[in-house]
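K.L.:
Below is a structure I'd like to ask you about.
What follows is calculated from the coordinates using simple rules that are stated; it is not laboratory data. Keep in mind the model is a prediction, meaning the values are calculated, not measured. Counting neighbours? That spans all protein chains shown, and the Cβs are built from the backbone with ideal geometry, glycine included.
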Amino acid sequence: MAIETPSPGDTARLLPSFTPFRVVHGSGSPTPPDQSPLLLLFKGNEKLEKPDGEPSEEVCLDGVMFSIYHREGSTWVAIERDGVEYVMFVSADKRSYKCNLSLTDPGERFFAIAFLRIAFLLASAPYRTLKLHASVIEKGGEALVFLGKSGTGKSTHSRLWLKHVPGCSLLNDDEPIVRIMDNGEVRVFGAPWSGSTPCYRDVSAKTVALVQLEQHSENILTGPLGTEAFAPLFQSVALLQSDEIHRQQVVTTVLDIAERVPVYRLRNKPDREAVALSASLLTDKNILL
């Protein structure tokens, strides 16, 4: 993905979480050579207004309103926060993105990160790629992806892993990227988004299990879930509900991942015993706790 900007230095400072993911080519320039395929091109400084009429979809998250408009195959996204609103245009092929951000004003950081997040999930969906709401622990090249609604203890469980399991690391704490590779392997990647926990790592690992967490008075691990695996995985995916093509791409990928990677349910207390149960899902079961 490339960002066209009047000031690369200012834009880089606007997006510090993207720094670990910048690619510098042999020429020394972070701009891909002409022959390199781009997932998407993102531009600012466009004169844009959201379309007239009612939006196709509205979502309010933590006081921030996201409004989606679909018109003649193209899409507009308007984000309003604290009385300030910006607009992004999405081309029909979901490869070109234009917004009315300057991409140089530090006050635009929230909007720039949000627009790029939406651009990535739309552009990457045809390539069997999902952005999840999950926390990910990695050890020895293998990863466990912890799913669940907000408040179910995903981050807490990951912190317990860091406390009790030597050699493990936090890959991402809220917004990892999962992709089915060409060889059929499902890998999970770090991302320039990670919720409230700063964890922006340009690393990946093989996904050995997806674990749905639920708070409980006992520690009980069940699974693989089989046909029940679709719901917890789909509920964790970021998507635009009103975009039918995008939604179908996501559903297809979720079904494919559920067939390739076992999904478990861990009813748990936030303690060491719960970590021992989830650790049993790794290939290397000789983990000292």
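K.L.:
For region 159-198, state which trypsin sites (Lys or Arg not before Pro) are in a DSSP loop and have at most 14 other beta carbons lying within 10 Å of their beta carbon.
P.N.:
Loop-located and lightly packed - none at all.
K.L.:
Right, something else. With mean projected area of the Cα convex hull in nm² as the read-out, I listed (1) 14.0; (2) 16.5; (3) 18.4; which label goes with the value calculated from this structure?
P.N.:
Computed from these coordinates, mean projected area of the Cα convex hull in nm² corresponds to label (2).
K.L.:
If you don't mind, there's one more thing I want to ask. Return LYS149, LYS154 ranked ascending by Cβ neighbour count within 10 Å, so the fewest neighbours appear first. Before the final figure, lay out each step's value.
P.N.:
On the way: LYS149 13, LYS154 25.
Ranking LYS149, LYS154 by Cβ neighbours within 10 Å, fewest first, gives LYS149, LYS154.
K.L.:
Using only Cα atoms and rounding to the nearest 10 degrees, what angle (0 to 90) does helix 154-164 make with the longest principal axis of the chain?
P.N.:
For helix 154-164, the angle is close to 50 degrees.
K.L.:
For the modelled label position 7 Å from the Cα of VAL203 along Cα-to-Cβ, which residues of region 151-185 have backbone nitrogen atoms closer than 16 Å?
P.N.:
It comes to 158-177, nothing else.
K.L.:
Leaving out same-chain residues fewer than 8 places away, which lysines sit with a Cα under 27 Å from that of LYS47?
P.N.:
LYS94, LYS98
K.L.:
Oh, and also: What ranking do 12-21, 118-127, 218-227 get when scored by the average of other Cβ atoms within 10 Å per residue, highest first?
P.N.:
Descending mean neighbour count gives 118-127, 12-21, 218-227.
K.L.:
Then there is this: Loop only per DSSP, at most 10 neighbouring Cβ atoms within 10 Å: give me the trypsin sites (Lys or Arg not before Pro) in region 75-116, ordered by residue number.
P.N.:
When the trypsin sites (Lys or Arg not before Pro) of region 75-116 are filtered for loop state and at most 10 Cβ neighbours within 10 Å, nothing remains.
K.L.:
Please work out how much length the chain gains when fully extended from ASP93 to GLU228, using 0.36 nm per residue of separation minus the C-alpha to C-alpha distance, in nm with one decimal.
P.N.:
Values: separation 135, 0.36 × 135 = 48.60 nm, distance 3.31 nm.
Extra length available between ASP93 and GLU228 comes to 45.3 nm.
K.L.:
Run the dipole for the chain about the Cα centre, Lys and Arg Cβ at +1, Asp and Glu Cβ at -1, nothing else charged, and hand back the magnitude in debye, nearest 20.
P.N.:
Dipole of the chain, to the nearest 20 debye: 860 debye.
K.L.:
Per-residue HN-Hα couplings for region 101-113, Karplus 6.51 cos²θ - 1.76 cosθ + 1.60 at θ = phi - 60°, whole Hz, x for Gly and Pro?
P.N.:
7, 6, 6, 10, 7, x, x, 8, 3, 4, 5, 4, 5
K.L.:
Taking a ≥ b ≥ c as the square roots of the eigenvalues of the Cα gyration tensor of region 126-191, is the shape rounded (a/c under 1.5), prolate (a/b larger than b/c) or oblate?
P.N.:
Oblate, because a/c is 1.5 or more while a/b does not exceed b/c.
K.L.:
Filter LYS163/LYS269; LYS163/LYS206; LYS149/LYS206; LYS139/LYS269; LYS43/LYS154 down to the pairs with a C-alpha to C-alpha distance above 27 Å, please.
P.N.:
Among LYS163/LYS269; LYS163/LYS206; LYS149/LYS206; LYS139/LYS269; LYS43/LYS154, the Cα-Cα distance tops 27 Å for LYS43/LYS154.
K.L.:
Within region 135-209, which chymotrypsin sites (Phe, Trp or Tyr not before Pro) sit in a loop by DSSP and count at most 13 neighbouring Cβ atoms inside 10 Å?
P.N.:
Those that pass, being in a loop and sparsely packed, number zero.
K.L.:
Here's something else I'd like to know. Which of the listed residues, LEU240, ILE257, ALA143, is farthest toward the dipole's positive end in region 130-279, when Lys, Arg count +1 and Asp, Glu count -1 at the beta-carbon?
P.N.:
ALA143
K.L.:
Got a sec? Which residues in region 79-101 would a label at PHE110 touch, if it sits 7 Å along Cα→Cβ and we count backbone N under 12 Å?
P.N.:
79-86
K.L.:
While we're here: Expected output is a single nm value to one decimal: the length gained when fully extending between LYS149 and LYS269, i.e. 0.36 nm times separation in residues minus the C-alpha distance. What is it?
P.N.:
Net length gain for the segment: 41.6 nm.
K.L.:
For SER135, SER7, which order do you get if you count the other beta carbons within 10 Å of each Cβ and list the fewest first? Spell out each step's value before the answer.
P.N.:
Values: SER135 31, SER7 12.
Result, fewest neighbours first: SER7, SER135.
K.L.:
Convert each backbone phi in region 243-256 into a coupling constant with the Karplus relation 6.51 cos²θ - 1.76 cosθ + 1.60 (shift: θ = phi - 60°), then list the ³J(HN,Hα) values in order as whole Hz, x for Gly and Pro.
P.N.:
Result, ordered by residue: 9, 5, 5, 4, 4, 5, 4, 5, 4, 4, 5, 4, 4, 5 Hz.
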